[in-house]
1. Rounded to the nearest 500, what is the chain's calculated 222 nm mean residue ellipticity when only DSSP H runs of at least 4 contribute -39500 (n - 2.57) each, over all residues?
2. Can you list the aspartates and glutamates whose alpha carbon sits under 12 Å from that of Lys256, skipping same-chain ones fewer than 8 residues off?
3. So if I take the centroid of the Cα atoms in region 68-128 and the same for region 227-299, what is the distance between those two points in Å?
4. Apply the Karplus parameterisation 6.51 cos²θ - 1.76 cosθ + 1.60, with θ equal to phi minus 60°, to every residue of region 174-190 and state each ³J(HN,Hα) to the nearest whole Hz, in sequence, with x for glycine and proline.
5. Per residue, how much accessible surface does the chain expose to a 1.4 Å probe? Answer in Å², no decimals.
6. Just report the Cα centroid separation between region 11-40 and region 185-203, whole Å.
7. Report the far tail of the P(r) of region 130-213, meaning the percent of Cα-Cα pairs longer than 14 Å.
8. Can you run phi through the Karplus equation (6.51, -1.76, 1.60; θ = phi - 60°) for region 238-246 and list ³J(HN,Hα) in whole Hz, with x for Gly and Pro?
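The values are calculated or read from the model by the stated rules, or taken from the named source; none is laboratory data. This one's a predicted model, so the numbers in the text were calculated from it and none came from an experiment. Don't worry about glycine lacking a Cβ; one is built from the backbone with ideal geometry, like all the others, and counts go over all protein chains shown. The protein model used for the area step is the full one, side chains on, heavy atoms only, and it has no ligands, DNA or RNA in it. Shrake-Rupley method; radii C 1.70, N 1.55, O 1.52, S 1.80 Å.
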Amino acid sequence: MLTGKHVAFIGGDARQLEVIKSCLSLDAKVSLIGFENLQSPFSGATNREISPELLATVDMLILPILGTDEEGHVDSIFTTKTLVLTERDMRALPPHAVVYAGIAKSYLKNLCEEATIRLVELLKRDDVAIYNSIPTMEGALMMAIQHTNITIHGSNSMVLGLGRVGVTLCRSLHALGAQVKVGVRKPAHVARSVEMGLLPFSMEELANEVGDIDLLFNTIPAKVVTEAVLKKMPYSAVIIDLASKPGGVDFAYAEKRGIKALLAPSLPGIVAPKTAGRILAQTMTRLLAKEFGEEGSSP
Ligand code: NAP
C-alpha cells in the first residue's frame, strides 16, 4: 500500500490512466497536473497546477513515456495548457523523491542530476521492454497487413536485430507461416535464430540478402538500411522501421527509388494504449511499493 505517500502525475496520454488507477487503488494521495480535460475524472485525485510548493510535498513524480523535451515541455493530451518542468520545480522535490518516465532526454537527466533526485527510466528495464514488444509486434503486423497486397503467410520476411522486439516479431512471423530471415551480428544470435527455425545472416551481408524480400522490419537503432541495401531490394518490398527516431532506414533514398518505407514509432500507445498502460502500471506499482510501500513487495 502507498498510504500517506503523495504521487504527482504531470501530463501523459491514455497509458497514464492505468497508472493513476493503480496508485489510487494502493491508497496514495494523487495530484494530477495537466489533466483538466479528462472525460471521466478520477474520484480521489486532485487537479493541481505545477509549482515548487506542490512538488515540495511529493514522494513520486510521474512523467509521460517521453518525459520532457529538451526545453522541459511535458506533453499532455488532457490539457490545452503548456506544461514546463523547470529547475526550480525539480529542486523543490524532497531528497527522497523519485522521478519516473518512460525515457529521459538530456534535459530531464540533467535536471535530476543537478537536484540529486533519482530518475527511473521504465522503458530501459528489460521486463518492460519485453512486455512492450507484444503490442509493438501486433502494431507492426497490422501495418504490414495494411500496406501489402499479399499475406504474411508464405511471404519472404526479414527482421533486422534479434533483441527484445526482434525475438517477439520473428516468432510471430514464423508462426504465421512466413519465411523469416534475421540479420544479426553475434554468434549467440545466430544460434538462437537456428533454434527458432529462422534463417540467420550476418548484418555485413545485408545487401546480398534483400533481393527477394517482401517485408523488412528493422529494429536496429542505427542507419543499416542504406542506399547500397535499398538498391538491391525489389520495388514492391515494404519496409517497416520500428527503431526509435530517426530509425535505421535511408528514407530519402527509399522514396527516390519508389520503395514504401514507413517509420512506425510508439506502436504500443497507438494500437493498445490500455495494455501498454497496464504494463507500465504493473511495473511502476511494483517499484513504488518496493521503494515506498509499508510492506515491500516481490521483485
Ligand atoms: P534491443 O533489445 O536493444 O535490440 C536491438 C537489437 O539491435 C539487438 O539485437 C542489437 O544487437 C541490434 N543492434 C544494435 N545496434 C546495431 C548495429 N549497429 N548493427 C547491428 N545490430 C545492432 O532493443 P529492443 O527493445 O528490441 O528495441 C529495438 C528498437 O525498437 C529500439 O530503438 C526501441 O526504442 C524501438 N522500439 C520501438 C517501438 C515502436 O513502437 N516502434 C516499441 C518498442 C521499441 P546486439 O545484441 O548485437 O547489440
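1. Values: 12 runs with 113 residues, N = 299.
It lands at -11000 deg cm²/dmol.
2. Those aspartates and glutamates meeting the cut-off are Glu227.
3. For region 68-128 versus region 227-299, the Cα centre distance is 21 Å.
4. Result, rounded to whole Hz: 4, 5, 7, x, 7, 7, 10, 8, 10, x, 9, 10, 10, x, 5, 6, 4.
5. 48
6. So the separation of the two Cα centres works out to 43 Å.
7. Numbers: 2135 of 3486 pairs.
More than 14 Å apart: 61 percent of the Cα pairs in region 130-213.
8. Rounded to whole hertz, the list is 10, 10, 10, 9, 9, 5, 4, 3, x.
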